[in-house]
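Contents: one structure, followed by commentary.
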Amino acid sequence: MKLLKSIAILGLASAAGLVNAAESLTVYSYRQAFLVDPILEKFTADTGVKVNVVFAKNGIAERIAREGRLSPADVVLTSDFSRLMELVDKDLVVPVESDVINSNIPEQYRSPESDWYALTQRVRNVYSSKERTGKLDINYEDLANKEYKGKICTRSGKHPYNIALVASMIAHHGEAEAKTWLEGFKANLARKPQGNDRAQVRAVKEGLCDIAIGNSYYFGKMLADPNQKSWADAVYLNFPNQDNRGSHVNVSGMALAKYSPNRENAVKLMEFLTSDEAQKAYAEVNMEYPVNPSVAPSELVASWGEFKSDSLPIHKLAEYNQAAIKMLDEVRFDL
Ligand code: FE
């Protein structure tokens with residue numbers, strides 16, 4: 001009797017389009033729950049498709065490879081570009097052709113093969129000491145200038161954010177010139193690369209260095225954290241290369257898993273993630289720049305000013321990824 005009753009309820013609910021028990025999706029996500037959960041809840045509310053999320057800091061590509069054809073993964077969300085490339089390189093994703101996605105995301109932020117899409121972008125900024133340096137009109141190239149000797153702090157050169165920056169320098173200047181630059185940049189470091197992006201801004205505040213390299217959204221995160229606000233207050237956020245090609249940007253993104261068992265709904269979710277509604281959530285919650293040009297950044301992020309971003313297609317960063325890693329080793333950047 002009880003069983004009959006619940007079947008009846010289920011039938012009613014699905015007839016009303018509220019819940020359809022058969023419709024669900026699995027997302028493997030490098031992006032954190034505080035950001036992803038509210039967006040996926042909106043998707044479920046709009047479509048009735050339930051989303052299961054597996055959060056991981058590492059190893060999603062390995063997991064999908066291990067699971068093979070039995071993998072429940074439909075959509076993969078990554079927090080940076082190199083993780084998207086890893087999925088492509090290991091042949092774990094498949095192309096998605098969608099007019100909705102293509103009209104929401106400019107070409108620069110999509111794979112030419114349609115097998116990955118960027119969802120948000122962030123600038124690799126140069127933070128400068130308010131007290132000792134002031135606001136800077138600076139180029140990444142200037143990081144190698146002698147005037148900054150012993151004044152720059154950065155996290156490991158081998159972090160994906162810095163690898164992408166070096167890859168962009170190779171794309172623009174060629175390997176030989178980029179290597180000379182990287183040697184000069186290394187020679188200017190105040191200390192061995194260590195810690196995360198925020199730790200570099202803290203080091204500026206503490207007087208260990210005058211200049212730090214870091215992503216744009218960390219400025220907002222530090223301002224919002226009572227323990228870190230003083231670090232952010234000690235620096236200016238500078239957008240490099242404004243008189244020429246524009247600031248280097250990195251992206252977070254998404255891809256359709258190769259053996260996705262729920263392809264139709266997976267594409268529906270991917271389309272939703274490029275929509276105004278989802279893009280606005282990314283902008284507000286994580287203080288990143290939306291890739292959908294019709295969505296404005298958050299009020300706080302907008303207050304940092306307008307800037308020109310490097311128009312180098314994101315897939316070019318992949319082309320020079322290995323060369324960048326090799327170069328970082330050759331100049332012993334982290335040693
Ligand atoms: Fe980050």
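The values are calculated or read from the model by the stated rules, or taken from the named source; none is laboratory data. Bear in mind the structure is a predicted one, so any value in this text is a computation, not a measurement. Methodologically, a virtual Cβ is constructed for each residue, glycine included, from the backbone with ideal geometry; neighbour enumeration extends over all protein chains shown. Protein only, heavy atoms only, side chains kept; ligands, DNA and RNA dropped before computing areas. Shrake-Rupley method; radii C 1.70, N 1.55, O 1.52, S 1.80 Å.
Selection of first residues in the range 153-179 that are within 15 Å of residue 241 (Cβ to Cβ) and of second residues that are within 13 Å of the ligand (Cβ to nearest atom) and among the charged types (D, E, K, R), restricted to Cβ pairs under 7 Å at least 6 apart or on distinct chains, gives the following pairs, ordered by first then second residue: 165/124.
Looking at the range 14-110, what strands (runs of 3 or more DSSP E) fall wholly within it and have at least 1 residues that are open to solvent by less than 10 Å² (accessible area, probe 1.4 Å) and within 16 Å of the ligand (Cβ to nearest atom)?
Numbers: elements: 24-29, 50-55, 75-78.
It comes to 24-29, 75-78.
Return yes when residue 225 is within 16 Å of the ligand (Cβ to nearest atom) and in contact with a Gly (Cβ under 6 Å, 6 or more places away or on another chain) and no when it is not. Answer is no for this residue. Looking across the range 272-300 at every residue that is among the polar types (S, T, N, Q) and assigned to a helix (DSSP H, G or I), the one that is farthest from residue 108 (Cα to Cα) is identified as 286. For residue 291, the stated conditions do not hold, so it cannot be described as within 16 Å of the chain's Cα centre (by Cα), of a type in the set (Val, Ile, Thr) and closer than 14 Å to residue 219 by Cα. Only one of the listed residues (293, 297) is under 15 Å from residue 102 (Cα atoms) and not basic (Lys, Arg). That residue is 293.
Taken over the range 122-156, residues that are assigned to a strand (DSSP E or B) and either more than 23 Å from the chain's Cα centre (by Cα) or farther than 15 Å from residue 210 by Cβ (or both) amount to 5.
Here residue 138 meets each of (1) away from the ligand (no atom under 16 Å from the Cβ); (2) open to solvent by 60 Å² or more (accessible area, probe 1.4 Å) with one exception, condition (2). Report whether or not residue 129 is in the same structural domain as residue 151 (by TED's automatic domain parsing) and in contact with a strand residue (DSSP E or B) (Cβ under 7 Å, 6 or more places away or on another chain). The answer is yes for residue 129.
Candidates in the range 186-221 are the residues that are aromatic (Phe, Trp, Tyr) and in contact (Cβ under 8 Å) with a residue 60 or more places away in the chain; of these, the one that is nearest to the ligand (Cβ to nearest atom) is 217.
Condition (residue is open to solvent by less than 50 Å² (accessible area, probe 1.4 Å) and closer than 22 Å to residue 102 by Cβ) applied to the range 240-249: is it met by at least one residue? Among the residues of the range 240-249, at least one is open to solvent by less than 50 Å² (accessible area, probe 1.4 Å) and closer than 22 Å to residue 102 by Cβ, which makes the answer yes.
Yes/no per residue for (1) assigned by TED's automatic domain parsing to the domain that holds residue 232; (2) open to solvent by 60 Å² or more (accessible area, probe 1.4 Å); (3) in contact with a Cys (Cβ under 7 Å, 6 or more places away or on another chain):
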site	(1), (2), (3)
254	no, no, no
262	no, no, no
265	no, no, no
283	no, no, no
287	no, no, no
302	no, no, no
306	no, yes, no
318	yes, no, no
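Restricted to the range 166-187, and to residues there that are touching a helix residue (DSSP H, G or I) at 6+ places or on another chain (Cβ under 7 Å) and among the aliphatic types (A, V, I, L, M), the residue that is most open to solvent (accessible area, probe 1.4 Å) is 171. When 120, 154 are checked against the criterion of being within 16 Å of the ligand (Cβ to nearest atom) and under 29 Å from residue 258 (Cα atoms), a single residue qualifies: 120.
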